[in-house]
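Asker: Got a structure for you, written out below as structure tokens; questions coming shortly.
The values are calculated or read from the model by the stated rules, or taken from the named source; none is laboratory data. Bear in mind the structure is a predicted one, so any value in this text is a computation, not a measurement. Here the Cβ positions follow ideal geometry from the backbone for every residue, glycine too, while neighbour counts run over all protein chains shown.
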Amino acid sequence: MKVTICAAILLAICAAGFLPLATPAAVPAGPITWVIPFAANLPPYEAGTAAVGDTVTYTWSRFHGVVLSSSPDCTARTLFQQIPGGADSASGAANVTFTAPGTFYVICPVGTHCAQGQIQKWTVSPAA
Ligand SMILES: *[C@@H]1O[C@H](CO)[C@@H](O)[C@H](O)[C@H]1NC(C)=O
């Protein structure tokens with residue numbers, strides 16, 4: 001009996017080790033075309049979900065940029081975290097990698113772009 005239980009536990013541990021873990025993946029997966037929705041007559045950006053470690057790419061072809069914030073306040077510049085590749089530029093791409101669980105906002109820091117809808121909310125869960 002004890003041997004059977006031990007074997008079953010061992011099997012469970014081994015199976016857990018070999019089964020592919022659910023790969024966390026951001027939704028939407030991107031790349032996300034980064035524009036001013038209101039100016040382009042588009043709906044607001046849909047809120048996304050991701051897990052810690054996920055990366056979402058934003059690309060743009062007009063003058064935009066990408067920062068990450070813990071606040072949806074477009075003017076809370078002290079909260080804006082710089083993102084590699086996210087500096088304001090005429091065209092570009094930036095990879096936003098979520099490093100902590102919580103609610104975050106990808107924001108365009110250029111002019112009033114954020115106030116005109118260039119902001120996307122992300123709900124980030126702990127790493128799977
Ligand atoms: C974003 O990630 C892709 C894929 O890893 C890479 O090719 C690209 O250079 C990265 N871009 C920036 C701006 O870091």
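Asker: Of all residues in the range 73-94, count the ones that are within 14 Å of the ligand (Cβ to nearest atom) and closer than 17 Å to TYR45 by Cβ.
Answerer: 4
Asker: Can you find, within the range 118-128, the residue that is farthest from TYR45 (Cα to Cα) among those that are of a type in the set (A, V, I, L, M) and modelled with pLDDT of 95 or more? Lay out the reasoning, then the answer.
Answerer: Step one: list which residues in the range 118-128 are of a type in the set (A, V, I, L, M), which gives 119, 124, 127-128.
Those left that are additionally modelled with pLDDT of 95 or more: 119, 124.
Working: ILE119: 7, VAL124: 16 Å.
So, considering only residues that are of a type in the set (A, V, I, L, M) and modelled with pLDDT of 95 or more, the one farthest from TYR45 (Cα to Cα) is VAL124.
Asker: In the range 73-87, what count of residues is obtained for those that are surrounded by 15 or more Cβ atoms within 10 Å (Cβ to Cβ) and not aliphatic (A, V, I, L, M)?
Answerer: 4
Asker: Please name all residue pairs, on different chains or six or more residues apart, with Cβ atoms under 6 Å, provided the first residue is in the range 68-89 and is under 17 Å from ALA115 (Cβ atoms) and the second residue is within 16 Å of the ligand (Cβ to nearest atom) and part of a strand (DSSP E or B).
Answerer: Taking only residues 6 or more apart or on different chains, the pairs are PHE80/VAL67.
Asker: Another question about this same structure. Which is more than 18 Å from TYR45 (Cβ to Cβ) and either away from the ligand (no atom under 15 Å from the Cβ) or among the β-branched types (Val, Ile, Thr) (or both), of ALA100, ALA115? Before the answer, list the steps.
Answerer: Details: ALA115 fails: more than 18 Å from TYR45 (Cβ to Cβ).
It is ALA100.
Asker: Could you tell me whether ALA25 is hydrophobic (A, V, I, L, M, F, W, C), without any contact (Cβ under 8 Å) to a residue 60 or more places away in the chain and buried (at least 16 other Cβ atoms within 10 Å of the Cβ)? I'd like the intermediate steps shown before the answer.
Answerer: Values: hydrophobic (A, V, I, L, M, F, W, C): yes; without any contact (Cβ under 8 Å) to a residue 60 or more places away in the chain: yes; buried (at least 16 other Cβ atoms within 10 Å of the Cβ): no.
No; evaluated as a whole, the condition is false for this residue.
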